[in-house]
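The values are calculated or read from the model by the stated rules, or taken from the named source; none is laboratory data. All figures in this text were calculated on a predicted structure; none of them were measured in a lab. Note that we place each Cβ from the backbone using ideal geometry, even for glycine, and neighbour counts take in every protein chain shown. Areas reflect the complete protein model, heavy atoms only, side chains present, ligands, DNA and RNA absent. Shrake-Rupley method; radii C 1.70, N 1.55, O 1.52, S 1.80 Å.
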Amino acid sequence: MNTPPATQAAYVRQTPVAQLPPPASQSGIVGWLRANVFSSVLNVVLTLLSLGLIALVVPPLLDFMIIDATWTGNDREACLASAERPVAGACWPFIWERLAYFTYGFYPVAQRWRVDVFFVLLAVGIVWLLAPRAKARLWGALYFFVVMPLLSYILLLGWPRYGLPYVPTTLWGGMLVTVVVSAIGIVFSLPIGVVLALGRRSKMPLVRLFSVIFIEFVRGVPLITVLFMASVMLPLFVPDAWTPDKLLRALIGVALFASAYMAEVVRAGLQAVPRGQYEGAMAIGLSYRQMMALVILPQALRTTIPNIVNSYIALFKDTTLVFIVGIFDFLRTIEAARVDPKWATPVTSTTGYVFAGMVYFFFCYLMSRYAHDMERRLATDHRRRRKRGRR
Amino acid sequence: MKGPKAGERKRIFGGFVRRGAGRAARLEPAWSDSSARPAVEMIGVHKWFGDFHVLRDINLKVERGERIVICGPSGSGKSTMIRCINALEEHQRGTILVDGTQLTADLRRIDEVRRDVGMVFQHFNLFPHLTVMENLTLAPIWVRQTPKAEAEEMAMHFLRRVKIPEQAQKYPGQLSGGQQQRVAIARALCMSPKLMLFDEPTSALDPEMVKEVLDTMVQLAEDGMTMLVVTHEMGFARQVADRVVFMDEGQIVEVNTPADFFANPQHERTKLFLSQILY
C-alpha cells in the first residue's frame, strides 16, 4: 500500500490465489501426535507418565481377570490355589452361579420372568425415547411416563385376582432394585428440579422461599440421613397402617434428594440463557409458561446436558446407599454372596467387587457416551454460529 | 436527495421544541383531527433505574401510520423509552396508552399489548434452537392459535418480503447478521402488529449488511406501518421519518420534521449533536 508513488501508486490483484491443502505436519497421524501428545514439554512428561501408569496397572489386572482366572467349577475347591496352580485369579464360576441372585435378589424363582419382562419394557421405553431416529416420540413419552410405570407396577408387585401372585418389595433385590431406584430418581428428579429452579428464580416471595429452603435443606443433609429419616423415623411418628412401603419411602427420599441437586444444575442453565432470549420471547407475546417451555428451557437444558448427566451418574452410584436401610440393591447382593461358605476363597471378594465395578462402569459409561452424542447432535447450530456469525 | 415521496407526506406539520429542560410540555400535533385513536400516547412518563432518573417527563403521541425516528447520544434513554411501550421496561409514573389500552401491572393486558406490538432488537434475539421457519411460526401458533399450515404459509410470505425465503429451514446461527435481522423483522410481522418498534436494528451489523436491513424497513414504511425507530442512521431518518425525536439525558429535547431537524435545528443540544455525528 505504502510503496513509493514513483514506482507504484496502487495495487490491483490480477490473478486469484487458489486454496491449497495444509502442510503435512498439520494433518494426518504426525500432525495429530504433535498437536495432542507431544505438543509441549509438560505434555511429553504427562504422556510418558500415563504410559508408565498403564504398564503398571493393566497387566496385573489382565492376569487376574483372564490369564489366572478360574472359568468353570461347582464350588470353592475350583477357585483355590493348588500345587499345579500357584496363583489363583478371579473366581468366575461364583459369579455365574450367583448371577440370578445378583439380578433378582430374593424374588421368587417361579416369578422371575416378570422381572425379565420389566427389563424388556424398560429397555423398549429407553430406546424409543432416546434413539436419535425414533419415530412417534410423543407416543414414546406417553409409553415411558404412563403406560410403562403402570404395567411395571402391576407386573413387579403382582395382581392376585388376575393370577399374578403378590411379591412384597422386601423380596426384591439385586439389579432389579438398583434399576428401579435409579430409574425413578432419574425420571422424577429432572421435572421436580426444573420446577424448583424456576421457583427459586420466581418473583413471588413465598414460592422462592419454599424453593430455597427445600433446596438448601436437602442439599445440606447427607443422603444417608434422608434415607434413615424415611425408613426409621417416619414409622415412629405415623401409625403403621399409614406407613408406606419401605422401598417406596427410599424411592421418594432418593427422588427428592436428586431433585434438589438437579434444581441447581437447571438454575445454572437458566442463568446461561441470555436476557435477549427472554425479551425476544416476551416481545412476540408469549406468556410466561410458553416462554419457559418453548424458548428458555430447551436452551437451558441443552447447555446443562453435561451437568445433568453428571448428576445422573452420581445418582446411579448413590443408589447403593439404600442398603443402609436394609434394601438389597445390586452391591448388597454381592456383599451378601461373597461371604457364602460355599464359595469362600481368598479371591471371592475381589472377584465380586471386580464384577460390580465392571457392571457399574458399563452403565455409567453408557450414559456418558449417550450424553456426549446428544450434545454433539444438538450443538450443531451453536458451533456453526461461533465459527461464522461472529457478528 | 429526498425522493418524491417526501412531498407526498404532507400531513406532517408538527414541530415541537423543548426550551426549558425541567418544564413539562404537552405534545399536540398540529393536525390532530383524530377520529382514530393514536397508536401510542405517552403522558408524563417517568422512569428510574435505582436512583438514576432515566426517563423524565416523556410526552409523545404517535398517530397511526406515522414513522418516528428517535435519536440522541448513548445513555439518553431512547431505548428505554421504546422498551416501555411494550412493557419490557416498567415505567414508574405517568400513563402509556398503546392503541387505547393503558399499560398497567396487569400481566394479561401486557401480553395483549405485546401481541400487537412488534419489536426488533439490536442483537436480533432470534431463538437459536429453532429453525427460521419455527422462529416465525412460534408465536402465531402458540399465541394466536393459527393452524400450523396457515402459519407457515404466512411465514413464507413474510420471508419472501424480506427476500430470504430460501433460508427457511436453516438455523439462525447459519445466517449472516443482516439476514438474521431480516428474519427478526419477519418474525415480528408474522404477528400482524399494529405498531413496530426498532431498537437500533443496524448497530450490531457489518457495514455491508446495513443497507439490506434498511431497505426492508423502508419498504415496511412505504406499506404504511406505524414505526418507532431508534437509530443512528440519519439517512434513513431523512428518507422515511415523519418526525424526528431528539433525546438527551432522559428528556425529549426536540421534535421536528426531518427537513427542519437537519437543516434548522432549534435547541443548542441538537445542534451540538448534529455537528458531532454529521461528518
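Here are the numbers for the structure shown:
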| read-out | value |
| --- | --- |
| Complete set of residues in the stretch A:290-308 that are part of a helix (DSSP H, G or I) and more than 7 Å from every other protein chain (Cβ to nearest Cβ) | A:M291, A:M292, A:A293, A:I296, A:L297, A:A300, A:L301, A:T303, A:I305, A:P306, A:N307, A:I308 |
| Failed item in (1) surrounded by 13 or more Cβ atoms within 10 Å (Cβ to Cβ); (2) at pLDDT below 90, with A:S368 passing the rest | (2) |
| Some residue of the stretch B:64-83 being in a loop (DSSP other than H, G, I, E, B), in contact with a Pro (Cβ under 8 Å, 6 or more places away or on another chain), touching a residue at least 60 places away in the same chain (Cβ under 8 Å) and more than 14 Å from chain A (Cβ to nearest Cβ) | yes |
| Flag if B:Q145 is open to solvent by 30 Å² or more (accessible area, probe 1.4 Å), more than 14 Å from every other protein chain (Cβ to nearest Cβ) and of a type outside the set (A, V, I, L, M, F, W, C) | no |
| Residues of the stretch B:169-185 satisfying the condition of being over 14 Å from B:M217 (Cα atoms), out of contact with any Leu (no Cβ under 8 Å at 6 or more places or on another chain), facing another protein chain (nearest Cβ under 10 Å) and not hydroxyl-bearing (S, T, Y) | B:K170, B:G173, B:Q174, B:L175 |
| Qualifying residue in the stretch A:270-289 (condition: buried (at least 17 other Cβ atoms within 10 Å of the Cβ), closer than 30 Å to B:R115 by Cα and more than 14 Å from every other protein chain (Cβ to nearest Cβ)) | yes |
| Of residues in the stretch A:314-340 being part of a helix (DSSP H, G or I) and charged (D, E, K, R), the one surrounded by the fewest Cβ atoms within 10 Å (Cβ to Cβ) | A:K317 |
| Answer residue from the stretch B:151-168, given it is aliphatic (A, V, I, L, M) and in a helix (DSSP H, G or I) and is farthest from the other protein chains (Cβ to nearest Cβ) among those | B:M156 |
| Some residue of the stretch B:113-123 being within 14 Å of chain A (Cβ to nearest Cβ), aromatic (F, W, Y), more than 22 Å from B:H232 (Cα to Cα) and not in a strand (DSSP E or B) | no |
| Options A:F214, A:F228, A:F237: the member that is over 25 Å from the mean Cα position of the chain (by Cα) and either surrounded by fewer than 19 Cβ atoms within 10 Å (Cβ to Cβ) or outside the structural domain of A:R114 (by TED's automatic domain parsing) (or both) | A:F237 |
| Single match in A:S259, A:S311 (criterion: away from every other protein chain (no Cβ under 14 Å), out of contact with any Gly (no Cβ under 6 Å at 6 or more places or on another chain) and part of a helix (DSSP H, G or I)) | A:S311 |
| Residue satisfying condition, being more than 12 Å from chain A (Cβ to nearest Cβ), without any contact (Cβ under 8 Å) to a residue 24 or more places away in the chain and at negative phi, within set B:L107, B:L97, B:L103 | B:L103 |
| Strands (runs of 3 or more DSSP E) (entirely within the stretch B:191-279) containing at least 3 residues that are more than 30 Å from B:D111 (Cβ to Cβ) | B:243-248, B:251-256 |
| Helices (runs of 4 or more DSSP H) enclosed by the stretch A:34-139 - at least 3 residues per element that are out of contact with any His (no Cβ under 7 Å at 6 or more places or on another chain), surrounded by fewer than 13 Cβ atoms within 10 Å (Cβ to Cβ) and not assigned by TED's automatic domain parsing to the domain that holds A:T345 | A:41-62 |
| Where A:W343 falls short, out of the listed (1) aromatic (F, W, Y); (2) at pLDDT below 90; (3) open to solvent by 80 Å² or more (accessible area, probe 1.4 Å) | (3) |
| Subset of the stretch B:140-164 (residues that are of a type outside the set (S, T, N, Q) and farther than 19 Å from B:V120 by Cα) | B:I141, B:W142, B:R144, B:P147, B:K148, B:A149, B:E150, B:A151, B:E152, B:E153 |
| Single match in B:M196, B:M191, B:M217 (criterion: hydrophobic (A, V, I, L, M, F, W, C), away from chain A (no Cβ under 12 Å) and within 30 Å of B:K61 (Cα to Cα)) | B:M217 |
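Residue-by-condition table, conditions (1) of a type in the set (S, T, Y); (2) within 13 Å of chain A (Cβ to nearest Cβ); (3) buried (at least 17 other Cβ atoms within 10 Å of the Cβ):
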{"position": "B:A149", "(1), (2), (3)": "no, no, no"}
{"position": "B:R187", "(1), (2), (3)": "no, yes, yes"}
{"position": "B:T202", "(1), (2), (3)": "yes, yes, yes"}
{"position": "B:D206", "(1), (2), (3)": "no, yes, no"}
{"position": "B:V210", "(1), (2), (3)": "no, yes, yes"}
{"position": "B:M225", "(1), (2), (3)": "no, no, yes"}
